[in-house]
Amino acid sequence: MPAVPARRIVTLPGDGIGPEIMGPTLELLNAVGEFEFEEHVFGGASIDAHGTALTGEVLDACRRADAVLLAAVGGPKWDTTDPHAPRPEAGLLGLRKELDVYANLRPAMQGNVDLVIVRELVGGLYFGARGVRDDGTVFDTLEYHPAQIERVVRRGFELAAARTGSLVSVDKANVLDTSRLWRRIVNELAPEYPNVQVRHALVDSFAMELVSSADRIDVAVTENMFGDILSDLTGELAGSLGIAPSLNASQDRAMAQAAHGSAPDIAGHDRANPIAMILSTAMLFDWLGARHHDDDLVQAASMITRGVEETVAQGISTPDMGGDARCQEFAEAVAATIKKP
Ligand code: NAD
Ligand code: IPM
Ligand code: MN
């Protein structure tokens, strides 16, 4: 055990169902260990309070913390086509970029399906040059430096090596130069990972493959935007987007977030599924535990994961999974499995 356990965690509930899933998740975490939570306003709520989705103060707090827990941001209140209006999503993108959490892990499990999407998170179409030309044309560009590709592809190889040794790199190399660069880098790195079988797939037919035969896929590594789209698909394939966890990480920083959004259509109705948020924190604890050699955190992660599985096996679930449990009720049921001797 390190002298000072790495448990100072900034929490960012955000908007919509964000606060609804964050509250019960934190109560559950208090049942598995001792943490120092520091809550901050973020996203749309921060635009309302401070005129910007991510204040310098919150960014500094996130930098100082051992880790960040984020629920979700955004909503119709801040949806505007005005290019100059502040957007909640800009806070999330800014935080990812500033913390440089370049690898986004999005696992999906259901029946025979057990896969992870490794999504590049701080480059590509989300962060390339953008602007307006004199003739009114608006553009976003997909850009990658080779080093940005290499570091995330390495995470894909490493994860595949630790699992079943099968990696698929997903791109659009029949059209895009960035994808051809991506492919070249994957091929150059492959000999360094002799225990991993790697293949390439085009993103459109890979979407088809996910629907027809996701059980044959282990680890997929891909560009930011492709990974965003494919991971909502795999979330729903696993039963509900509301159970899709997600960890944003670099070598020395991590941020847990649910893969889903602020679900404005159900916000305020106490119907939100907290599983994605809860399992994201389990992923975070696993990461923190490994990094700081804190076995208690690794154990807390597996207790949380088992608790969720056990609760669902007891037939307790929220409406998106066909049940009638409230968000809080579900989290309490998970906590009860953990407290049992
Ligand atoms: P969404 O993920 O919020 O919702 C899609 C559908 O899934 C909705 O029908 C919603 O009710 C359902 N759903 C999502 N999470 C659920 C949960 N935990 N329990 C039960 N049902 C759940 O996507 P959207 O509606 O396209 O986006 C809404 C807002 O969220 C947008 O402003 C978007 O930018 C933002 N967003 C934020 C994040 C984030 O902060 N991490 C991620 C994705 C989208
Ligand atoms: C996600 C979300 C974000 C993304 C948005 C809210 C910026 O959809 O985490 O998947 O596109 O990355
Ligand atoms: Mn998304």
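Overall, the stretch 103-242 carries a charge dipole of about 300 debye about its Cα centre when +1 sits on the Cβ of Lys and Arg and -1 on the Cβ of Asp and Glu, all other atoms neutral. Here the relative contact order of the chain, from alpha carbon pairs under 8 Å that lie six or more residues apart, stands at 21 percent. Taking every C-alpha pair closer than 8 Å and separated by at least 6 residues, the mean separation divided by the residue count of the stretch 88-153 gives a relative contact order of 25 percent.
Compared with the direct C-alpha span, the chain from Ser212 to Thr80 gains 43.8 nm at full extension, assuming 0.36 nm per residue. For the stretch 42-98, applying the loop criterion from DSSP together with a ceiling of 13 other beta carbons within 10 Å to the trypsin sites (Lys or Arg not before Pro) yields no site. Accessible surface ranking for Asp134, Asp215, 1.4 angstrom probe, highest first: Asp134, Asp215.
A DSSP coil position with no more than 10 other Cβ atoms inside 10 Å describes the following trypsin sites (Lys or Arg not before Pro) in the stretch 109-168: Arg133. Between Gly165, Gly156, Gly322, the Gaussian network model of the chain with springs among Cα atoms under 10 angstrom shows the greatest mean-square fluctuation at Gly322.
Length gained on full extension, Asn174 to Asp232, computed as 0.36 nm times the residue gap minus the Cα-Cα distance: 18.5 nm. Once the chain from Lys339 to Arg306 is taken as fully extended at 0.36 nm per residue, the excess over their C-alpha distance is 10.6 nm. Residue by residue, the stretch 126-141 carries 3J(HN,Hα) couplings of 6, 10, x, 4, 9, x, 10, 8, 4, 7, x, 5, 10, 9, 10, 10 Hz when phi is fed to the Karplus relation 6.51 cos²θ - 1.76 cosθ + 1.60 (θ = phi - 60°); x denotes Gly or Pro. Projected label points at Asn112 and Glu158, each 7 Å from Cα along the beta carbon direction, are separated by 3.2 nanometres. Spin-label model, Glu329 to Thr52: label points 7 Å out along the Cα-to-beta-carbon direction sit 4.3 nm apart.
Largest first, the extents of the alpha carbon coordinates of the chain on the three principal axes equal 55, 50, 45 Å. Label-to-label distance for Asp140 and Glu89 is 0.6 nm, based on points extended 7 Å past Cα in the beta-carbon direction. A helix-only calculation puts the chain at -14000 deg cm²/dmol for mean residue ellipticity at 222 nm, using -39500 (n - 2.57) for each DSSP H run of at least four residues, averaged over all residues. The GluC sites (Glu not before Pro) found in the stretch 1-101 that occupy coil by DSSP, while having at most 11 further C-beta atoms within 10 Å, are Glu34. The overall shape of the stretch 152-294 is oblate: from the C-alpha gyration tensor, with semi-axes ordered a ≥ b ≥ c, the ratio a/c is 1.5 or greater and a/b is no larger than b/c.
The values are calculated or read from the model by the stated rules, or taken from the named source; none is laboratory data. Quick caveat: nothing in here was measured; it's all calculated off a predicted structure. All Cβ positions, even for glycine, are placed from backbone atoms using ideal geometry, and neighbour counts span all protein chains on display. Quick note on the areas: whole protein, heavy atoms, side chains included, nothing else; ligands and nucleic acids left out. Shrake-Rupley method; radii C 1.70, N 1.55, O 1.52, S 1.80 Å.
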